[in-house]
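Engineer: Take a look at this one; I'll ask things after.
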Amino acid sequence: PESADLRALAKHLYESYLKSFPLTKAKARAILSGKNSDNAPFVIHDMRSLMEGEQFVNCRQIPTQEHRPVMGALHPPPDEAELRFLHSCQFRSAEAVSEVTEFAKSIPGFVNLDLNDQVTLLKYAMIEVLFIMMAALMNKDGTLISYGQIFMTREFLKSFRKPFGEMMEPKFEFSIKFNLLELDDSDMALFLSVIILSGDRPGLLNVKPVEDIQETLLRSLELQLKMNHPDSPQLFAKVLQKMTDLRQLVSDHVQSIQLLKQTEIDMCLHPLLQEIMRDLY
Amino acid sequence: KEKHKILHRLLQNSTSPVDL
């Protein structure tokens, strides 16, 4: 009877994951593998294609080739296009924060926790969760953006002016390794829940109820991985190990953002992202 | 609470989209 409950929990979280997130890993992998030739993404690989495609960044539906306006003389200088792109990344990240929040609210027991603890859990888990979800959109050559409608190459991201060009490389390296575990969306739903319900986040008022929920989630994840990946007996342990690498990745990222604030005076961080990053590590 | 105004709002709102 206990395993039936754990299976029901996995199913519930998978369903709310599908409701909360517009682009699943399954869809992203289909686009990246080119299986779905009808919706091949628009590729941004240089300044010219960025300027051509930037008006569609964060569009949920980009116009077909014949309806796309031709690149004209009115385009901004490349530097501004780059900055505008970075701003739209921030906007999409803020939107993703609200999607993750909706997902967190669907984890049984989460909304019954002290509201301040809900904030703490989300604040500390948020960037970890976003990086895990970003891995689903990446391969060694680049990443999908704009709900899978644009593919931006890794080389082009690397060519961004300092320090932006260096910021994505560690995420690619992490993603390539993480993707080797071959988790699917139903595994991810549980893994993200486990990350969110971490009892060791600084400043939690009531640790025990958080740990109790996480304990159940962990048992559900272990069972899920056993059933879904019978050929990888060590997968549960490997997935848990990724949580350590993830914390390092996030703390490096936050540090780069702090440095950015000193060097890029014009760069203003979205207020929601500011809330999350303030006093984080 | 003041420090995390938007997060509080997101948590307390229903599923309706929040103005970001």
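Engineer: Pairs, please: C-beta under 6 Å, at least 6 apart or cross-chain, first residue more than 8 Å from chain B (Cβ to nearest Cβ) and in the range A:95-117, second assigned to a loop (DSSP other than H, G, I, E, B) and among the hydrophobic types (A, V, I, L, M, F, W, C)?
Structural biologist: As it stands, the answer is A:99/A:21; A:114/A:205; A:117/A:204; A:117/A:205, since those pairs meet every condition given.
Engineer: Turning to a different aspect of this structure: So, in the range B:1-18, exactly how many residues are more than 8 Å from chain A (Cβ to nearest Cβ), at pLDDT below 90 and within 9 Å of the chain's Cα centre (by Cα)? Outline the logic, then answer.
Structural biologist: Of all residues in the range B:1-18, those more than 8 Å from chain A (Cβ to nearest Cβ) come to B:2, B:9, B:13-14, B:16.
With the extra rule that they be at pLDDT below 90, the set shrinks to B:2, B:13-14, B:16.
Pick out the ones that are also within 9 Å of the chain's Cα centre (by Cα) and you get B:13.
Selection size over the range B:1-18: 1.
Engineer: Name every residue in the range A:164-181 that is surrounded by 13 or more Cβ atoms within 10 Å (Cβ to Cβ) and assigned to a loop (DSSP other than H, G, I, E, B), in order of residue number.
Structural biologist: Across the range A:164-181, the qualifying residues are A:168, A:181.
Engineer: Further question on the same structure: Going by the conditions given, is residue A:120 at pLDDT 95 or above, in contact with a Gly (Cβ under 7 Å, 6 or more places away or on another chain), within 26 Å of residue A:205 (Cα to Cα) and not acidic (Asp, Glu)?
Structural biologist: yes
Engineer: A further question on this structure: Is the range A:156-168 home to any residue that is in contact with a helix residue (DSSP H, G or I) (Cβ under 9 Å, 6 or more places away or on another chain) and within 18 Å of residue A:128 (Cα to Cα)?
Structural biologist: yes
Engineer: Moving on. Restricting attention to helices (runs of 4 or more DSSP H) lying wholly within the range A:203-281, give those where 1 or more residues are within 14 Å of chain B (Cβ to nearest Cβ).
Structural biologist: Here the list reads A:271-277.
Engineer: So, one more: Taking only pairs six or more apart or across chains, which ones have beta-carbon atoms under 7 Å, a first residue in the range A:20-38 that is touching a residue at least 60 places away in the same chain (Cβ under 8 Å), and a second residue that is aliphatic (A, V, I, L, M) and surrounded by fewer than 19 Cβ atoms within 10 Å (Cβ to Cβ)?
Structural biologist: Pairs found: A:24/A:18.
The values are calculated or read from the model by the stated rules, or taken from the named source; none is laboratory data. Just so it is clear, the structure is predicted and the values come from calculations on it, not from any experiment. Please note: Cβ atoms are built from the backbone with ideal geometry, for glycine as well, and neighbour counts cover all protein chains shown.
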